[in-house]
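Inspection log for the structure reproduced underneath, given as structure tokens.
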Amino acid sequence: MERDGDTLLASSIVSPDDRTIRSARKLAEFFGDLPPADVSVGEIERDGLCAMLRARVPLCYFLRFLLDEFSSENLFFYLEIEQYESFPFTTDRERRAAANDIYRMYLSQDSQLEVNLTER
């Protein structure tokens with residue numbers, strides 16, 4: 001269904017179970033088949049946040065911290081953008097639909113996972 005050039009996707013209305021499956025799939029795609037369980041402190045000091053995001057244990061601790069700070073949406077947004085940028089879209093329409101999904105999920109004012117961005 002099209003409206004004003006924007007594609008409305010039936011997938012934007014999904015159940016919590018579907019979201020859990022999609023989130024698990026995104027994490028699997030981000031980590032690959034066998035993600036490392038941990039990284040050394042030296043790797044984190046050298047590579048910073050990127051090193052933490054490559055391994056399950058530091059990522060879990062970081063996510064826990066973000067949940068305590070009520071800002072986990074920032075990590076989810078980052079991971080979503082990383083996946084978007086590396087995904088081999090076959091058509092512009094497919095790319096726009098994915099971008100619209102990201103906008104609705106993280107950037108629209110009525111989103112439950114709205115990230116805080118400064119206006120410029």
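Quick rundown of the values:
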| read-out | value |
| --- | --- |
| Selection from segment 98-120 of residues that are over 14 Å from the mean Cα position of the chain (by Cα) and either of a type in the set (Lys, Arg) or at pLDDT 90 or above (or both) | Ser108, Arg120 |
| Of all residues making up segment 48-97, the number that are surrounded by 15 or more Cβ atoms within 10 Å (Cβ to Cβ), out of contact with any Phe, Trp or Tyr (no Cβ under 6 Å at 6 or more places or on another chain), aliphatic (A, V, I, L, M) and in a helix (DSSP H, G or I) | 6 |
| Qualifying positions in segment 98-120 - loosely packed, with under 14 Cβ neighbours inside 10 Å, among the aromatic types (Phe, Trp, Tyr) and closer than 20 Å to Glu69 by Cβ | none |
| Long-range neighbours under 8 Å by Cβ, at least six apart or interchain, first residue among the basic types (Lys, Arg) within segment 55-79, second in a helix (DSSP H, G or I) | Arg56/Phe31 |
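The values are calculated or read from the model by the stated rules, or taken from the named source; none is laboratory data. Computed from a prediction, not measured in an experiment: that's the story for all the values here. Cβ sites come from the backbone with ideal geometry, for glycine too, and all protein chains shown count toward neighbours.
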